[in-house]
1. Can you list the HN-Hα couplings for the stretch 146-154, worked out from phi with the Karplus curve (6.51, -1.76, 1.60; θ = phi - 60°), rounded to whole Hz and with x for Gly and Pro?
2. Counting only Cα atoms, I'd like the Rg/Rh figure for the chain, Kirkwood definition for Rh.
3. Roughly speaking, what is the stretch gain from ASP210 to ARG134, that is 0.36 nm per residue apart minus the C-alpha to C-alpha distance, in nm to one decimal?
4. May I ask you to compute the full-extension gain from THR113 to ARG179, defined as 0.36 nm times their residue separation minus their alpha-carbon distance, rounded to one decimal in nm?
5. Can you give me the C-alpha center-to-center distance between the stretch 73-104 and the stretch 178-217, rounded to a whole angstrom?
6. Be a star and scan the stretch 27-54 for residues whose amide nitrogen sits under 16 Å from the point 7 Å along the Cα-to-Cβ vector of LEU70.
7. How charged is the neighbourhood of LYS112? Take every other residue with its Cβ under 10 Å from the Cβ of LYS112, and add Lys/Arg as +1 and Asp/Glu as -1.
8. If you plug each phi of the stretch 5-18 into the Karplus form 6.51 cos²θ - 1.76 cosθ + 1.60 with θ = phi - 60°, what whole-Hz ³J(HN,Hα) values come out, in order, with x for Gly and Pro?
Amino acid sequence: MKVTIYQGSRPPATIADITIVIDVIRAFTVAHHVFLQGADGIYLAESVEQAFQLKKENPEYLLAGEVNGLAINGFDLDNSPYRIKEKNLAGRTLVQRTTNGVRATLNCLASKTVFVTGFSNARTTAECVKKLSRRNKQMTVNVIASHPSGDDDLACAEYIKSILMGSLIPEEPVRDRIRSSQAAEKFFTDNQSCFKREDILVCLQAVESDFVMRVDKSKEFPMIERVAR
Ligand SMILES: O=C(O)[C@H](CS(=O)(=O)O)OP(=O)(O)O
Ligand SMILES: [Mg+2]
């Protein structure tokens with residue numbers, strides 16, 4: 001198995017058999033908790049306008065996401081995993097628009113199989129991909145740290161690669177790097193009431209779950225679905 005880490009949301013230089021897109025703060029920590037709260041699926045929107053168009057055609061969908069980290073006027077939910085944990089999303093379908101993770105995922109759909117995760121589901125996702133590699137020793141895997149410069153997603157990417165390569169690195173240094181990353185800073189400065197420090201605490205918490213998040217590319221719009229691990 002050949003594992004390559006890329007940073008940023010642009011299309012990677014190579015197309016891999018399997019791609020794992022990481023967004024710890026906060027898109028795919030949000031997605032993980034959306035499924036833990038019972039949702040059926042999450043469409044990925046490349047723009048706010050596309051999200052509203054989907055909602056116009058499907059009024060029962062819930063719009064979630066951010067622009068510059070901030071809630072979008074007219075959306076049902078923002079990009080806070082802490083607030084998602086309070087919602088009952090049983091049976092709901094969401095549409096997600098975010099700066100890094102959603103964009104990075106939309107830019108790597110040429111890959112045969114695409115998974116998404118934050119740190120909260122990183123180990124489960126890595127172990128699932130490692131199991132898949134037993135059927136194909138030549139398998140190529142791209143791990144995308146979606147933030148263009150932040151150490152949060154890169155730390156998680158290196159953690160996932162360590163599991164794939166069988167040389168597991170401890171979780172605590174990974175958590176330390178996420179906590180002290182550039183993307184986390186604004187959540188700890190007192191005057192940022194829209195950025196709650198509780199979000200980072202949720203992003204740092206690994207949650208045992210029996211599923212991974214895979215992108216279904218067969219629909220008109222790509223959709224994250226929960227798949228038994
Ligand atoms: O909402 C977030 O946490 C970020 C926006 S920013 O990078 O902090 O400005 O978006 P995401 O796509 O979840 O990384
Ligand atoms: Mg992020």
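1. Once θ is set to phi - 60°, the couplings for the stretch 146-154 become 6, 5, x, 9, x, 7, 4, 6, 5 Hz.
2. Values: Rg = 16.3 Å, Rh = 17.3 Å.
In the chain, Rg relative to Rh is 0.94.
3. Values: separation 76, 0.36 × 76 = 27.36 nm, distance 1.98 nm.
25.4 nm is the gain from fully extending ASP210 to ARG134.
4. On the way: separation 66, 0.36 × 66 = 23.76 nm, distance 2.97 nm.
The THR113-ARG179 span can extend by a further 20.8 nm.
5. Between the Cα centre of the stretch 73-104 and that of the stretch 178-217, the gap is 13 Å.
6. Taking a point 7 Å out along Cα→Cβ of LEU70, the residues of the stretch 27-54 whose backbone N falls under 16 Å are 48.
7. Numbers: positive: LYS217; negative: ASP17.
Net charge around LYS112: 0.
8. Once θ is set to phi - 60°, the couplings for the stretch 5-18 become 9, 10, 10, x, 9, 6, x, x, 5, 10, 9, 9, 4, 10 Hz.
The values are calculated or read from the model by the stated rules, or taken from the named source; none is laboratory data. Owing to the predicted nature of the structure, the values given are computational and were not obtained by experimental measurement. Neighbour counts are summed over all protein chains in view; Cβ atoms, including those assigned to glycine, are modelled from backbone coordinates with ideal geometry. For the accessible areas, the whole protein counts, side chains as well, though only heavy atoms, and no ligand, DNA or RNA atoms are used. Shrake-Rupley method; radii C 1.70, N 1.55, O 1.52, S 1.80 Å.
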